[in-house]
1. Once you sort the root eigenvalues of the Cα gyration tensor of region 164-253 as a ≥ b ≥ c, which label holds: rounded (a/c under 1.5), prolate (a/b larger than b/c) or oblate (the other case)?
2. Report the dimensions of region 316-392 along its three principal axes from the alpha-carbon atoms, largest first, rounded to Å.
3. Separation between the residue 22 and residue 48 pseudo-spin-labels, each 7 Å from Cα along Cα→Cβ, expressed in nm?
4. Out of the DSSP beta bridges found with both residues in region 33-186, what percent are antiparallel (nearest 5)?
5. Which of rounded, prolate or oblate describes region 9-118 when judged by the alpha-carbon gyration tensor and an a/c cut-off of 1.5?
6. Note down the nm distance, to one decimal, between modelled labels 7 Å out along Cα→Cβ at residue 264 and at residue 40.
7. Compactness ratio of region 324-365: Cα Rg over 2.2 N^0.38 Å, N = residue count?
8. Using the 10 angstrom Cβ neighbour count as an exposure proxy, how do 101, 266 rank, fewest first?
Ligand SMILES: [Zn+2]
């Protein structure tokens, strides 16, 4: 019987940190030399355990243990980081996946009942070009080619040119979609990057899906007037109406169970000697449930119209960005929950605020689930990002159990004989 060794995952995480970090944190920004170095380090490890490795057209690295069935369990991660990033974001999933490949390879003597593939997605973070989920959205077919073609980094380098330096032909990135041909399930482990599990004092949680997002600019128009000579009852104060939105979105979020943020506020003319003529706020609303998200949006819109009427100003809405919620697969969520309970007794189900590669895979119809491990300080994208080592070990164990359950499920679907 082969042995999973979660301690090795922690050692490898530290090895990767030594190799690709400086005093400010991880520096594995996609399509840079440090990233390429991390990549070849990972690839060597995968090859030495017996996996077939290749890079797809979008630059994602696939490490495959071919099984008796072509139907594949995919395990996802990303070794790229933001500049000055933490040691766990993305690399925990990648290295836990590597350890699971080792365990499976040993257990089945190199020939598991179903194919198992670890994918290291290219440029999950979008740190250099401002576009996240590059490799996975190319693979899912959702990448906006026009938009991506014109992206440039701070130095003015275009994305297609940066890709060329890595031997990637931008015009062919969507051909990577063929990698999903035999995908029967996709699982991803990730640090939570938030405080929910920390506050519940639980190491692990099963992720229900990623939030849908509605992002709007809301502009209130009033009238500029002298701060000294305009009586209070004669004002058309655009800021007064906009400001009422602030407590209102807390009530809306509480009623509907989502999150709402007013992230910016611009005023014109923006001088203290004038009543505010124009106030533009940006509202971000997120929910796991599409109907609830639509309700939150409707309630915010109605409230803004009410406040405009009360203040004798007008209001205009403009959509900035929107994405549908992406609920994960019910059966896999149950497996994930079960794997966690078998490992540490207690589980919790929670949605994901941040987007992940898993959402892109789920969008293509491949049954998907994620597992979260507690984040200390609830913080990520920062060198102080951390998780207790005992929790990391539990995460690798629970994730491995999830992999086994998913493999059995895939094998059963194909009418394959039960596991030997
Ligand atoms: Zn990540």
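Where a number appears in this text, it was derived from the coordinates with a stated rule and is not lab data. Just so you know, these numbers come straight off a predicted model, no measurement behind them. Virtual Cβ from ideal backbone geometry, glycine too; neighbours counted across all protein chains shown.
1. Numbers: a/c = 3.96, a/b = 1.91, b/c = 2.07.
Here region 164-253 falls in the oblate category.
2. 50, 34, 20
3. The modelled label-to-label distance comes out at 2.8 nm.
4. Values: 10 of 20 bridges.
Percent antiparallel among DSSP bridges in region 33-186 is about 50.
5. Here region 9-118 falls in the prolate category.
6. Using points 7 Å along Cα→Cβ, the separation is 4.1 nm.
7. On the way: Rg = 11.7 Å, N = 42, 2.2 N^0.38 = 9.1 Å.
Taking N as the residue count of region 324-365, the ratio is 1.29.
8. Numbers: 101 24, 266 13.
The order, fewest Cβ neighbours first, is 266, 101.
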